[in-house]
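Enquirer: Next up is a structure, given as structure tokens.
The numbers here are math on the coordinates, done by the rules we state, and not lab data. Just so we're clear, the structure is a prediction, and the values are computed from it rather than from any experiment. In this analysis, Cβ positions are derived from the backbone assuming ideal geometry, glycine residues included, and neighbour counts consider all displayed protein chains.
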Amino acid sequence: MAVLDLYNTLTKRIEEFKPNEDRKVRMYTCGPTVYHFAHIGNLRSYIMEDVLEKYLIYLGYDVTRVMNITDVGHLTSDADTGEDKMLKGAKREHKTVMEIAEFYKKAFFDDCARLNIKIPGIVEPATNCIPGFIHMIEALLDKGYAYEAGGNVYFDTSKLKNYYVLSSQNEEELQVGVRDDVEEDINKKNKTDFVLWFTKSKFDEQELKWESPWGAGYPGWHIECSCISIKHLGEYLDIHCGGVDNIFPHHTNEIAQSEAYLGHKWCNYWFHVQHLNNQSGKMSKSKGGFLTIPLLEEKGYNPLVYRMFCLQSHYRKPLLFSFDVLDNVKTAYEKLLNKIESLGSGGTLMEQEIEEYKEQFNSAMGSDLNTSQALTVLYDVLKSGLNDASKRYLIEDFDKVLSLGLLEGNTSSKEISKELAVLAEKLIEERNQARKNKDFARADAIREELAAKGIEIKDTREGTVWSLAR
RNA sequence: GGCGACUUAGCCAAGUGGUAAGGCAUGGGACUGCAACUCCCUGAGCAACGGUUCAAAUCCGUUAGUCGCCUCCA
């Protein structure tokens with residue numbers, strides 16, 4: 001099995017990945033909060049996490065991956081005043097919070113499907129796990145890691161030896177309420193303490209409430225990930241993923257809760273994806289420039305162009321989004337598909353050479369998921385002296401991880417009705433006859449007629465070929 | 001203010017001690033009725049300064065810039 005080196009936020013260095021159990025990987029991903037459309041910045045994380053999972057599978061690991069869906073905790077608490085248009089719109093339509101959650105959950109999975117993101121094997125909405133949260137909070141209270149104050153239950157971060165394992169923050173220098181819309185909670189014993197269970201909050205209109213030993217209320221923002229992970233993946237987690245903005249406090253708090261609850265180290269590798277930025281910084285709903293996959297499609301971009309845009313960069317580098325760059329990638333993607341499409345299927349597999357290119361691919365992916373380098377290996381294969389069958393084989397193999405739909409661009413007659421195919425052949429013949437007779441007006445008219453039916457033609461040296469327009 | 005990441009050609013980007021991969025764009029050319037496609041040719045000395053070394057984009061230090069986090073955030 002090839003070696004996979006990964007940067008680990010916990011140790012701040014690149015380490016060889018070794019799971020707790022041989023050939024098995026237990027992986028957890030912080031899922032979306034489904035009260036908004038995901039923007040393409042959010043989706044960068046999910047794309048790179050998808051690449052990680054697929055590469056682990058490619059290496060032969062048996063991967064169990066869990067993702068939560070945050071559908072409770074702050075559904076009506078968006079403090080960014082006036083920015084939550086989607087929710088407001090939904091409210092205007094008299095939808096319930098659960099209906100909104102359903103709607104955006106579906107939208108998220110639609111986006112994933114368009115980006116060839118594999119849905120994790122286990123997807124768990126937080127609202128499915130309320131008894132589990134309550135159980136865990138009770139255990140934390142019993143062990144003395146939590147306390148009740150002002151009607152809420154808080155985690156006591158001062159009870160931990162090293163609360164800051166992940167983020168190396170400095171207690172004295174931490175500022176409370178850096179953002180103006182955050183108010184200091186006077187119930188907390190320590191400024192880093194966080195809520196495990198709310199019965200009282202500034203958001204009186206909270207729609208979803210559950211009975212608990214501390215009164216009717218709802219869970220805090222961090223408990224769900226710890227609890228859902230332990231529920232499905234047990235006490236020892238191999239990889240935990242998320243965006244860099246989750247390092248502190250979300251993941252720091254997850255570690256605090258989980259390890260306090262379990263009494264031992266919980267997760268060995270922390271995988272964090274950097275942000276997608278635009279001119280004004282991190283792409284976010286409150287700053288405008290909120291781009292979604294459906295919007296890109298409307299503008300004529302195949303979502304996989306965006307996937308390639310992400311793969312061309314490295315997951316630990318901030319990536320600046322612009323349409324200029326996306327256009328570059330679009331051209332590159334189309335050229336790539338054209339080249340692949342023009343491959344025949346001749347020859348027998350050249351096994352030795354194939355192994356060499358696979359090694360190059362593994363060497364790239366194994367170096368902290370160097371997807372940009374992996375794409376270069378793909379280009380190298382196309383330029384190589386391998387026969388077409390071998391090239392196809394390798395492209396198909398790499399695409400198990402890259403998932404760029406590299407071989408789907410090939411026109412296969414099964415997607416096209418027979419009649420259309422016959423018609424196309426007939427018109428092309430007619431057009432070529434017209435070209436021979438220098439009747440170019442007629443030839444161009446036929447080309448347009450075919451284009452109207454969604455068929456593109458190219459006059460190559462070997463003759464006219466046609467394909468479905470992409 | 002603290003913590004963290006990043007800084008290579010017009011743009012994206014590889015590179016982990018021996019004198020800079022690849023992609024897109026640009027310009028030139030071949031092909032072509034035109035278009036598209038395809039093919040060939042075309043560029044930087046690595047943020048700055050200092051240090052270690054026979055040798056540094058690569059190691060160390062300092063500075064600068066960009067971005068993120070510091071209880072909604074991927």
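Enquirer: Could you work out the percent of alpha carbon pairs in the stretch A:219-268 separated by over 14 Å, rounded to a whole number? Each step should come with its number before you reach the end.
Expert: Working: 562 of 1225 pairs.
Cα-Cα pairs in the stretch A:219-268 separated by more than 14 Å: 46 percent.
Enquirer: Rg (Å, one decimal) plus Dmax (Å, integer) for the alpha carbons of chain A?
Expert: Calculated on Cα positions, Rg and Dmax stand at 26.3, 91 Å.
Enquirer: Please compute the Kirkwood hydrodynamic radius over the stretch A:317-469, one decimal place, Å, based on all pairs of different Cα atoms. It would help to have the intermediate numbers written out before the result.
Expert: Working: mean 1/r = 0.0554 Å⁻¹.
Roughly 18.0 Å, rounded to one decimal.
Enquirer: Mind listing P(r) for the stretch A:282-353? All alpha-carbon pairs, 5 Å bins, whole percents.
Expert: 3, 12, 19, 20, 15, 10, 8, 6, 4, 2, 1, 0
Enquirer: Please work out whether the stretch A:310-390 counts as rounded, prolate or oblate from its C-alpha gyration tensor, where a ≥ b ≥ c are the square roots of the eigenvalues and a/c under 1.5 means rounded, while otherwise a/b larger than b/c means prolate and anything else oblate? Could the numbers behind the result be given before it?
Expert: Details: a/c = 4.43, a/b = 1.44, b/c = 3.07.
Here the stretch A:310-390 falls in the oblate category.
Enquirer: Here's a follow-up. Along Cα→Cβ, 7 Å out, is where each label goes; now give me the distance between the ones at A:ASN128 and A:GLU353 in nm to one decimal.
Expert: Going from the A:ASN128 label point to the A:GLU353 one covers 4.8 nm.
Enquirer: Using all Cα-Cα distances in the stretch A:199-332, what percent lands in each 10 angstrom bin from 0 up to the longest?
Expert: Result returned by the calculation: 10, 28, 26, 25, 11, 1.
Enquirer: Can you tell me the orientation of helix A:371-383 relative to chain A, as the angle in degrees between its alpha-carbon axis and the longest Cα principal axis, to the nearest 10?
Expert: 10 degrees
Enquirer: Calculated FRET efficiency, A:ASN328 and A:ASN190, Cβ-Cβ r, R0 41 Å, to nearest 0.05?
Expert: Details: r = 49 Å, r/R0 = 1.20.
Rounded to the nearest 0.05, the efficiency is 0.25.
Enquirer: Once both labels are modelled 7 Å past Cα along the beta-carbon direction, what's the A:LYS426-A:ALA445 spacing in nm?
Expert: 1.7 nm
Enquirer: Further question: Restricting the count to DSSP beta bridges whose residues both fall in chain A, what percent are antiparallel, rounded to a multiple of 5?
Expert: On the way: 23 of 46 bridges.
Percent antiparallel among DSSP bridges in chain A is about 50.
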